[in-house]
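Read the figures in this text as sums done on the coordinates, not as results from a lab. What you are looking at is a predicted structure, and each value in this text was computed from that prediction instead of being measured. Ideal geometry is used to build each Cβ from the backbone, glycine not excepted, and the neighbour counts take in all protein chains shown.
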Amino acid sequence: MPRRSRIPRTPRSHWLLLGLVLLVLCSLLGLDVLLNRAGTAATPSGSRQFVPESAFAGGSVIDPREPVVRHPRTRHLALTFVDGPDPQWTPEVLDVLARHQVHATFFVTGAQAAENPALIRRILDAGHEIGNRTLTRTDLRQAGDLRVQLELQATDLVLAGAAGITTNLVQPPYTTTGSLDYEAWKAFLRIGNHGRQVVLADLDSQDWLQPDTAAVLANSTPRDDRGAVLLMRDTAGPGTVEALDRLLPDLQRTGWQVDSVGGTFQLSGTANQAQFVDRIAGTMLVVAIQVSRWLADSLRALLWVATGLAALRAVVMLLIVPIHVRRSRRWEPPWQISQRVGVIVPAYNEEAGIANTVRSILASDHPVEVIVIDDGSTDRTVEVVQQLQERFPRIRLIRQENAGKSAALNTGLAAANSELVVMVDGDTVLEPDAVGRMVAHFTNPDIGAVSGNVKVGNRRSLLGRWQHIEYVIGFNLDRRVYDVLHCTPTVPGALGAFRRSAILDIGGVSDDTLAEDTDLTMALERDGWRVVYEEHAISWTEAPATYGQLWKQRYRWCYGTLQAIWKHRRAVIERGPAGRLGRRGLPYLLIFQVLLQVIAPVVDVTACFALFTEDAGNVALTWLGFLALQAVPGVIAFRLDAESLRPLLVLPLQQIVYRQLMYLIVVQSVITALAGARLPWQKLERRGQIVPLARR
């Protein structure tokens, strides 16, 4: 029901902000995937066509521009470390090298260097060399010239940003003398096109397999007196450090000269000072890589948090819902309430469904008086009600200028002649026993309001089925939990019973929020009244039939709920029913209806990107567990509501499509709330398509 007296503009900038956030998020996650995807090595073809025979003679430095192949001198060993730097093991390797006064060449990946720029500077300060291991440890035999250029230049930019240098030495991943073939040689030629030299190892410590120290030491020891290039990994762990600490003195005792690649091959100009522009660009790239890693790690942690929350919700349901079931089966009112009940129906442009609503109320088993408040309708709502009045004298029609739903409800409360009132929307159809079942709870003088069980009446379409699932699982199951914990935050506007005096004592129905039903319920509890849920008091509502209408409704609901939570935040420190609302209901609402909804889309995006990384298996299992835990309450809720399980067949599709829409609505609502904007009432279009269960 719109409130035309004040209609501020909806802040469209939220969409721009949300779009920019999603774009940045996806870009950073995409960068993280690029840097951390699961790499694979190509199988060597074995073909030596066009490869110089000298390249197979042992460890070498190859200048593909000539081409020239250089080999180390007798009893000279070039010590290289690859795939680092590693924040844990590289410092220990540096300590061992310093203790034995040996220099080495560290072929770093751009990704690792960006995450550990201080280690790059420490390596250089200790007199060691830096080489290029590509940005992402990609097998360059599978890459074209553009990819080779990007891998090498991106790593140079990282080095420029981290330490102000670039390097001319490249050690291609997955390529040693033993795996050299024609495809690798073509990759070397591409590397040479960019003015770089290739370093090939002929000794591989195999420390990445993490064998014992003796095995690493054996693999690293030269077989004869010919010079060699030794490949070790400063990311492998303690085996590398211990083997290195034993290898260096052994080699030095036997007359070997151990040095960096530049020192062993007597190369000059292995590194260059980076230009100022490259340093600036490199710094920006380093920051972007660091942020992408931090973001990916944080979002994967959120995946665990979301899965934990889903598991917690499932546990809460399994523990508390059976308690509600047992209580509801045993509950009997001490006496019957026979007084007439006023049923208040606020209506604005409800021509399509108002007749069905009024007829269903008149068909109630309990004595009722129907009070229709027309809030300035511009369609035939008034005419339809007047025609019904001619046949049913228990209908009262009150007309007023458009002032909003809260004002219409207050008008109805003022006109009611009964202490007990029921409020229903103008598109709601009641079951005959709904009113009687709700008012029976008022035999308990502590109860101020009763929530009914609202079901979707137009569930034949796919969108209708999705909303039906949401109502049964997300709304009615939660109300059972709230009922046991005595902290129900919302009596739905579609069906709720109240003590009229209790509402008047708190000043009537407030228009401070867009969720007047939630605001009213919380206000009653803060005034000391209990609110309960009657699962057998059933009404049928017409859910939005289009995605646009659904967006409007849920946006209003979510934003109004956030307003109500903020308005009644002091309930957290109050006592009695107010304290139970503040310390039980509000946290439950915020955690499972807001926080879980906000982080869940991020979880989905993170999971999708993580499927392309080395951690894909664990992330996929966690994500599937998250979905399964959200689906667990489904069967329970449908069984308790005596609903057919058939609609649950579309639950997987709902998780993929419908859920994303709900997430966006929650995110936009949170942004709107943080911005402090006020929204107009969103009137939905009704089509009068409710089909109660009895007619299905």
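Annotations
- Free of any GluC sites (Glu not before Pro) that DSSP assigns to a loop and that have at most 12 other C-beta atoms within 10 Å, the longest stretch within the chain is 1-400.
- Whole-number D in µm²/s for the chain (Stokes-Einstein; Kirkwood sum over Cα pairs; 20 °C, 1.002 mPa s): 71
- Here the residues ARG75, ARG327, ARG459, ranked from fewest to most Cβ neighbours within 10 Å of their Cβ, fall in the order ARG327, ARG75, ARG459.
- Gain in span if fully extended, SER54 to PHE276, counting 0.36 nm per residue against the direct Cα distance: 76.0 nm
- Selection among THR521, VAL384, ASN356 by position relative to the dipole of segment 302-695 gives THR521 as farthest towards the positive end (Cβ unit charges, Cα centre).
- Relative to the longest principal axis of the Cα atoms of the chain, the long axis of helix 182-192 lies at roughly 90 degrees.
- Computed over neighbours whose Cβ is under 12 Å from that of ASP433, the net charge equals -2, Lys and Arg +1, Asp and Glu -1.
- The relative contact order of segment 302-695, computed from alpha carbon pairs under 8 Å that lie at least 6 residues apart in sequence, is 21 percent.
- Taking only the C-alpha atoms of segment 45-180, the Rg (one decimal) and the largest Cα-Cα distance, Dmax (whole number), read 15.6, 45 Å.
- With a Förster radius of 35 Å applied to the beta-carbon distance between GLN336 and ARG639, the computed FRET efficiency rounds to 0.70.
- Under 14 Å from a label point set 7 Å out along the Cα-to-Cβ vector of ARG359, the amide N atoms of segment 371-406 belong to 384-385, 387-389, 391-392.
- Tilt relative to the chain, helix 13-36 - C-alpha long axis, 0 to 90 degrees, to 10: 30
- Three semi-axes of the equivalent ellipsoid, segment 302-695, Cα gyration tensor, whole Å, largest first: 35, 23, 21
- Projecting the Cα atoms of ALA306, VAL261, ALA296 onto the charge dipole of segment 256-347 (Cβ charges, centred on the Cα centre) puts ALA306 farthest toward the positive pole.
- Cα-based Lys pair tally, the chain, threshold under 23 Å, eight or more apart or on separate chains: 8
- Cleavage-rule hits, trypsin sites (Lys or Arg not before Pro), segment 204-239, DSSP coil, Cβ neighbours within 10 Å at most 15: ARG223
- Computed from the C-alpha gyration tensor, the three semi-axes of the ellipsoid equivalent to segment 530-585 are 29, 19, 6 Å, from longest to shortest.
- With 0.36 nm allotted per residue and the present C-alpha distance subtracted, the ASP527-ASP505 stretch has 7.0 nm of extension available.
- Positive-pole candidate from THR240, GLY164, PRO117, dipole of segment 53-274, charges at beta carbon: GLY164
- Environment charge at LEU485 (Cβ cut-off 13 Å; Lys +1, Arg +1, Asp -1, Glu -1): +4
- Segment 328-418: chymotrypsin sites (Phe, Trp or Tyr not before Pro) falling in loop per DSSP and having at most 11 other Cβ within 10 Å: TRP331, TRP335
- Semi-axes of the equivalent ellipsoid for segment 53-274, computed as √(5λ) from the eigenvalues of its C-alpha gyration tensor and ordered from largest down, come to 24, 21, 16 Å.
- To the nearest ten degrees, helix 381-391 and the longest principal axis of the Cα atoms of the chain are 40 degrees apart.
- Normalised by the number of residues in segment 201-244, the average gap of Cα pairs under 8 Å and 6 or more apart makes the relative contact order 51 percent.
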